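K.L.:
This is the structure I want to talk about, given as structure tokens.
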Amino acid sequence: MGDLSEAFRIAFHLLASFDRELFEIIALSLKVSLVAVAISCFFGFLMGAALCVYRFRGKQIIVIIINALMGLPPVVVGLCVYLMLSRSGPLGVFGLLYTPTAMIIAQVLLITPLIGALSLQVLHEMHKEYDEFFRSLHLSPLAKIKTLLWDARFGLIIVGLAGFGRAISEVGAVMIVGGNINHLTRIMTTAIALETSKGTLALALALGIILLGFSVSLNAAVMFLRSAISDDKNA
Amino acid sequence: MPELDEKAKGSKNLDKLIRFQNVTLKIGHHQLIHDISCSINTTGKIVVMGPNGAGKSLFLRLLAGLMKPTAGKITRGAHFLEHNQNMNLSMVFQNPVLLRRSTRANIEYALQRMNISRQQRLQLISSALGVARLEEKALISARRLSGGEQQRLALARAMVVKPKLLLLDEVTASLDPASTQIVETMIDEAANSGTKVVLITHDVRQAKRIADNILFIHQGKIFAYEPVRKFFRDPGSHEAQAYLDGKLPNPDLGSE
């Protein structure tokens, strides 16, 4: 109980005093996660829409693989990216290991299947509804994809927020490829892990409270969007 | 096998819009369309009638190119092809498919594929909204419209590109008389502006009001393809007469 109240006091103090180090960590966390989500949304949305629109042999197998990859263990992704980016790895020459770029790569690999699979679900329902209309207009696949992505925009924003939620709270992969280096690759989750291992639980909890704040804000945004969508559907 | 439009045959315009030659459609082991041959001329309104499960909607989907025949040939005339191919056909379904956009944006969507100026586009949108009597609902979400309004919007969107062929699959089946009347007025306007209309309906009175020709389908075969007056005076087949008398066994009820 003492730790918890101390944690709230520290969290409030850190935020109110605009602690430079804390804001540096928050800024890097947001930067890494937002860039990763943006890249993943680009590929994931296109993947979901293309899987709806195109018919080809083996499509079901691809869908199964994408769905399976949603549960990809972060440490496995981290390890794979580490092996690729380490000096002896195929991409070692770029010197990306222990940089924010490596963390972004790991997060992109981790959340693209999630965003792809969720957007496929959102777009599949809509495509079922629009399919005959599209075919009666003899639309090109690209025109269909553009229409689906635009009309499903609210649903896809929710998918993007879900991806962001996973990215911002992820610790395993970014710890392995980022190394949790102070002022360089330290983000919220890796900082919490570090403070916990050092035994400074109050500071770790304070950082956790701030992370929780992000999560609550995110869920509020999702709920708001969901209600906006259901209003639009039901009316 | 009927080959008409008698009315159009007598007219100057002898060009065929679409011709079915021994068209057969099989889905799995079921043969649903049996060796249909007929031609659709460039003008007028054809009403397709027949009991449930007769193959009317399949016939319409074959016309639209949504399905490919298992055997036989569907050819499109020069009159059809000379137009921008993406614009020459519009279809409206019994349950209107509306985009998750405003009423106005739904109509605009159909026009995006036309190479016209912004000014022309705005004029066409405004005119389409007027025809569908939806001017005051232009900016609200299409999904907030009533059933009748949604069907009018779907029809206005289909008509705005001035297609050569307008296919309507029981578009008034679930509408009240007032909405049905507006839809029928819109169909007349489309036909008067040179669009060929093919409409499925079960409503005999509506068929009499709208049709130039009646195409009667039963068990995947065409039993009659006649000018409307002739069809209702003398349907030309026992099956069509039985249908009009309400005696034709209904395949949905398993009484075939």
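The values are calculated or read from the model by the stated rules, or taken from the named source; none is laboratory data. What you see is a predicted model; the values in this text were computed from it and never measured. Using ideal geometry, Cβ is built from the backbone for each residue, glycine included, and neighbour counts are taken over all protein chains shown. These accessible areas exclude ligands, DNA and RNA; they are computed on the full protein's heavy atoms, side chains included. Shrake-Rupley method; radii C 1.70, N 1.55, O 1.52, S 1.80 Å.
K.L.:
Looking only at the range A:117-158, which residues are under 21 Å from the mean Cα position of the chain (by Cα), of a type outside the set (Gly, Ala, Ser) and more than 9 Å from chain B (Cβ to nearest Cβ)?
P.N.:
A:Leu118, A:Leu120, A:Gln121, A:Val122, A:Leu123, A:Leu149, A:Leu156, A:Ile157, A:Ile158
K.L.:
Within the range A:184-214, work out how many residues are under 17 Å from A:Phe23 (Cα atoms), modelled with pLDDT under 90 and open to solvent by 50 Å² or more (accessible area, probe 1.4 Å).
P.N.:
Total satisfying the criteria: 4.
K.L.:
Do we have B:Ile182 as under 30 Å from B:Gly147 (Cα atoms) and touching a Gly at 6+ places or on another chain (Cβ under 9 Å) here?
P.N.:
Values: under 30 Å from B:Gly147 (Cα atoms): yes; touching a Gly at 6+ places or on another chain (Cβ under 9 Å): yes.
The answer is yes for B:Ile182.
K.L.:
Additional query: Please give the number of the condition B:Leu153 fails out of (1) closer than 14 Å to B:Leu98 by Cβ; (2) surrounded by fewer than 18 Cβ atoms within 10 Å (Cβ to Cβ).
P.N.:
Condition not satisfied by B:Leu153: (2).
K.L.:
Still on this structure: Are there any pairs, at least 6 apart or on different chains, whose C-beta atoms fall under 7 Å, with the first in the range B:60-73 and farther than 15 Å from B:Cys38 by Cα and more than 10 Å from every other protein chain (Cβ to nearest Cβ) and the second open to solvent by less than 50 Å² (accessible area, probe 1.4 Å) and modelled with pLDDT of 90 or more, and if so, which?
P.N.:
B:Thr70/B:Thr24; B:Thr70/B:Leu25
K.L.:
Would you point out which residue out of A:Leu83, A:Leu96 is assigned to a helix (DSSP H, G or I), closer than 24 Å to A:Ser29 by Cα, free of Cβ contacts under 8 Å to residues at least 40 places away in the same chain and more than 18 Å from the chain's Cα centre (by Cα)?
P.N.:
Sole residue among the options that is assigned to a helix (DSSP H, G or I), closer than 24 Å to A:Ser29 by Cα, free of Cβ contacts under 8 Å to residues at least 40 places away in the same chain and more than 18 Å from the chain's Cα centre (by Cα): A:Leu83.
K.L.:
Is one or more of the residues making up the range A:187-204 within 14 Å of another protein chain (Cβ to nearest Cβ) and within 25 Å of A:Gly44 (Cα to Cα)?
P.N.:
no
K.L.:
For the range A:136-192, how many residues meet the condition of being on the phi > 0 side of the Ramachandran plot and either touching a residue at least 24 places away in the same chain (Cβ under 8 Å) or of a type in the set (A, V, I, L, M) (or both)?
P.N.:
Of the residues in that region, 2 qualify.
K.L.:
Considering B:Ala224, B:Ala158, B:Ala154, B:Ala191, which residue is touching a residue at least 60 places away in the same chain (Cβ under 8 Å), under 26 Å from A:Leu137 (Cβ atoms), in contact with a Pro (Cβ under 7 Å, 6 or more places away or on another chain) and among the aliphatic types (A, V, I, L, M)? First the steps, then the outcome.
P.N.:
Numbers: B:Ala224 fails: under 26 Å from A:Leu137 (Cβ atoms); B:Ala158 fails: in contact with a Pro (Cβ under 7 Å, 6 or more places away or on another chain); B:Ala191 fails: in contact with a Pro (Cβ under 7 Å, 6 or more places away or on another chain).
Answer to the selection: B:Ala154.
K.L.:
Name the residue, out of A:Leu79, A:Leu91, A:Leu85, that is over 25 Å from A:Phe45 (Cα atoms), open to solvent by less than 60 Å² (accessible area, probe 1.4 Å) and not polar (S, T, N, Q).
P.N.:
Of the residues listed, the single one that is over 25 Å from A:Phe45 (Cα atoms), open to solvent by less than 60 Å² (accessible area, probe 1.4 Å) and not polar (S, T, N, Q) is A:Leu85.
K.L.:
Six or more apart or on different chains, Cβ atoms under 6 Å: show the pairs whose first residue is in the range A:62-74 and surrounded by 14 or more Cβ atoms within 10 Å (Cβ to Cβ) and whose second is part of a loop (DSSP other than H, G, I, E, B) and at pLDDT below 95.
P.N.:
A:Pro74/A:Glu170
K.L.:
Here is a follow-up. For B:Arg101, all conditions in the list (1) open to solvent by 40 Å² or more (accessible area, probe 1.4 Å); (2) charged (D, E, K, R); (3) over 26 Å from B:Ser193 (Cα atoms); (4) touching a residue at least 24 places away in the same chain (Cβ under 8 Å) hold save one; what is the number of the exception?
P.N.:
That leaves (1) as the condition not met.
K.L.:
Would it be correct to say that B:His218 is in contact (Cβ under 8 Å) with a residue 40 or more places away in the chain, in contact with a Gly (Cβ under 7 Å, 6 or more places away or on another chain) and over 30 Å from B:Ser117 (Cα atoms)?
P.N.:
yes
K.L.:
Quick one: in the range A:102-122, which of the residues that are of a type outside the set (A, V, I, L, M, F, W, C) and more than 17 Å from A:Leu28 (Cβ to Cβ) is surrounded by the fewest Cβ atoms within 10 Å (Cβ to Cβ)? Step through it out loud before you land on a result.
P.N.:
Step one: list which residues in the range A:102-122 are of a type outside the set (A, V, I, L, M, F, W, C), which gives A:107, A:112-113, A:116, A:119, A:121.
Adding the requirement that they be more than 17 Å from A:Leu28 (Cβ to Cβ) leaves A:112-113, A:116, A:119, A:121.
On the way: A:Thr112: 23, A:Pro113: 21, A:Gly116: 28, A:Ser119: 28, A:Gln121: 12.
Across the range A:102-122, the extreme among qualifying residues is A:Gln121.
K.L.:
Let me ask something additional. Select from the range B:1-30 the residues that are under 19 Å from the mean Cα position of the chain (by Cα), open to solvent by 70 Å² or more (accessible area, probe 1.4 Å) and at pLDDT 50 or above and list them in ascending order.
P.N.:
B:Arg19
K.L.:
Here is a follow-up. Among the residues in the range A:88-101, are any within 14 Å of chain B (Cβ to nearest Cβ) and at pLDDT below 95? Can you show your working first?
P.N.:
To start, the set of residues in the range A:88-101 that are within 14 Å of chain B (Cβ to nearest Cβ) comprises none.
No, there is no match, as no residue in the range A:88-101 is within 14 Å of chain B (Cβ to nearest Cβ) and at pLDDT below 95.
For every residue, the table says whether it meets (1) within 14 Å of chain A (Cβ to nearest Cβ); (2) small (Gly, Ala, Ser); (3) over 25 Å from A:Asp131 (Cα atoms); (4) out of contact with any Cys (no Cβ under 6 Å at 6 or more places or on another chain).
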| site | (1), (2), (3), (4) |
| --- | --- |
| B:Leu32 | no, no, no, yes |
| B:Ile36 | no, no, yes, yes |
| B:Met49 | no, no, yes, yes |
| B:Asn52 | no, no, no, yes |
| B:Arg76 | yes, no, no, yes |
| B:Gln94 | yes, no, no, yes |
| B:Ser117 | no, yes, yes, yes |
| B:Leu124 | no, no, yes, yes |
| B:Glu136 | no, no, yes, yes |
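K.L.:
Here's a follow-up. Going through the range A:131-150 one residue at a time, which ones are open to solvent by 30 Å² or more (accessible area, probe 1.4 Å), more than 15 Å from A:Leu46 (Cβ to Cβ) and assigned to a helix (DSSP H, G or I)?
P.N.:
A:Glu132, A:Arg135
K.L.:
Pick out the one residue from A:Gly163, A:Gly172 that is away from every other protein chain (no Cβ under 14 Å) and either buried (at least 22 other Cβ atoms within 10 Å of the Cβ) or of a type outside the set (Gly, Ala, Ser) (or both). Can you show your working first?
P.N.:
Numbers: A:Gly172 fails: either buried (at least 22 other Cβ atoms within 10 Å of the Cβ) or of a type outside the set (Gly, Ala, Ser) (or both).
Exactly one residue qualifies, and that residue is A:Gly163.
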